[in-house]
Every structure is written in C-alpha cells, then in structure tokens.
Amino acid sequence: MASSTALLSLLSPVSTPRSLRSLTITSSQPSIFLHSHHRRISAIRASSLAAQPVTTTPQDLVESILSKVNGTDRGVKLAKEGHQEVADVAMQLSKFCVDEPVKCPLIFGEWDVVYCSVPTSPGGGYRTAIGRLIFKTDEMVQVVEAPDIVRNRVSFSLFGFIDGQVSLKGKLKILDEKWIQVIFEPPELKIGSLGFQYGGESEVKLEITYIDEKIRLGKGSRGSLFVFLRRN
C-alpha cells in the first residue's frame, strides 16, 4: 500500500509553488523589453537614414536634363509639365555655374541647339507651326569663335525634298559676368543653289546660367530657356 501511494505520487502532476510561478513569469519580461528596445533602435536608424539629404552632382543633372529634352524636336513636343521639369533641372544646375561664365573658354566651340522653351526663339518663322511643315528642321547649330564671333545656322529640307539653310553672323559683346549681347547681320538664305540676304540687323541678349565641357544653358532677355549640347 505504501509503494502504491509512492507510485501515484510520482505519476501525479507536480504542483508548482505560487512563488515559483511568479518568478517564471517575471523572468520572461526582460525578453519582451529587449525586443521592444531593438524595434525602437531600428526605427531611429531608419528615420536617421531617411533624413540624410540625397547628394545630386552636376553630372547627374546634366544627364537628367538631356534625357528630358531628347526626342522632343527641341522642345516642340513637350507638354507644359515637361517644360517645367526642364526648367526645374536648369535651376538646380545654375547653382553649379562657374564664376563669370562669359569669360570661360568653354564657351567657344560648336553647339547643337537641343531645346528651347519657346519654339520660335531659335529659327524665327521657320520654327512656327506652319514653318515646321514647310521647312523640316534637320539641325540647329551655334558656333562661337574666339574672340567674339557667333554664327547661327538652321538647316532644313523644303517640303522634305530640297535642302536649304538660314545662317546669321554676329558680333558678341560682354555686358557683365553672365550676360552677353550679339548683334547679327541680315540673315542669309540658301535653297538649293540659290542664296541671298534679306531683312535687317537683329540683336539678342543671353544670360549664361551654366556651362561645362558637355552642355551650356542660356536664358534670353524675355525668359526663353536654351539648352546647347557641344558637338563632337
């Protein structure tokens, strides 16, 4: 009988004293606190990383503005929002402009006009809606020669069949550290083998807002934004 009682005692559930149960529950609390502590640290680190400013280089901005104007027929095909995006990038690039850009030797060379916020600013009537139907623009080039010569050229095909071009030669004058003025002679028109001058002199004023080995940005006196890409 004593042995049976002893066997039942071994097989019966062991009752845990109240003090021990309390100790067991308490021992799990540091683990809960530790996980919560780790979560707070992770949140703080994530917030700190998000607060760090993203560094944008001039090279990044140059590639960005070129990608926005590529395939737009020098800005003609861009919607209002697209023009605003180009203007925003140009504004950021202006912060990296060299001092006295009009005196920078990088200004000299041959440049493609790849964008203008006002289609008729480069090319005049040849770039209006009707003008583009008659004179299909092949290229628009500006050549700046030392010390003070500027040559503009718009090449086109008349109705898509006859090659032609309009060219202007001008003299550059520095107005201040950023602004230049160019006074152009009457334009010369060539269509096929025929060539003649027409009209009178004209002048433009342009602020150079950014320049490097690859692109040049300019803003006209009436606010037109130009993007020039250096020709290889």
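The values are calculated or read from the model by the stated rules, or taken from the named source; none is laboratory data. Computed from a predicted model, the values in this text were never measured in an experiment. Cβ sites come from the backbone with ideal geometry, for glycine too, and all protein chains shown count toward neighbours. SASA here: full protein model, heavy atoms, side chains in, ligands and nucleic acids out. Shrake-Rupley method; radii C 1.70, N 1.55, O 1.52, S 1.80 Å.
Note on Lys95: lysines with a C-alpha under 20 Å away, same-chain residues under 8 apart excluded, are Lys68, Lys103, Lys178, Lys214, Lys219. Accessible surface of segment 177-232, 1.4 Å probe: 48 percent of it comes from carbon and sulfur atoms. Accessible area ranking (1.4 Å probe, heavy atoms, ligands and nucleic acids excluded), largest first, for Asp60, Asp163, Asp99, Asp212: Asp99, Asp163, Asp60, Asp212.
For a straight C-alpha distance cut-off of 17 angstrom, the aspartates and glutamates reachable from Lys173 (same-chain residues fewer than eight places away being disregarded) are Glu100, Glu145, Asp148, Glu185, Glu201, Glu203, Glu207.
The modelled label-to-label distance between Glu110 and Glu213, using points 7 Å beyond Cα along the C-beta direction, is 1.9 nm. Residue ranking by accessible heavy-atom surface, 1.4 Å probe, largest first, among Phe108, Phe184 comes out as Phe108, Phe184. To the nearest 10, the accessible area of Ile174 is 80 Å² with a 1.4 Å probe. Label-to-label distance for Ile134 and Lys95 is 4.6 nm, based on points extended 7 Å past Cα in the beta-carbon direction. Whole-percent P(r), segment 92-175, all Cα pairs, 10 Å bins from 0: 16, 40, 30, 13, 2.
Here Lys190 is the anchor, and the lysines within straight C-alpha reach of less than 22 Å, apart from those fewer than 8 places off in the same chain, are Lys136, Lys169, Lys171. Between Gln197, Phe228, Trp179, the Cα set farthest toward the positive side of the dipole of segment 177-232 (charges on each charged residue's Cβ, about the Cα centre) is that of Phe228.
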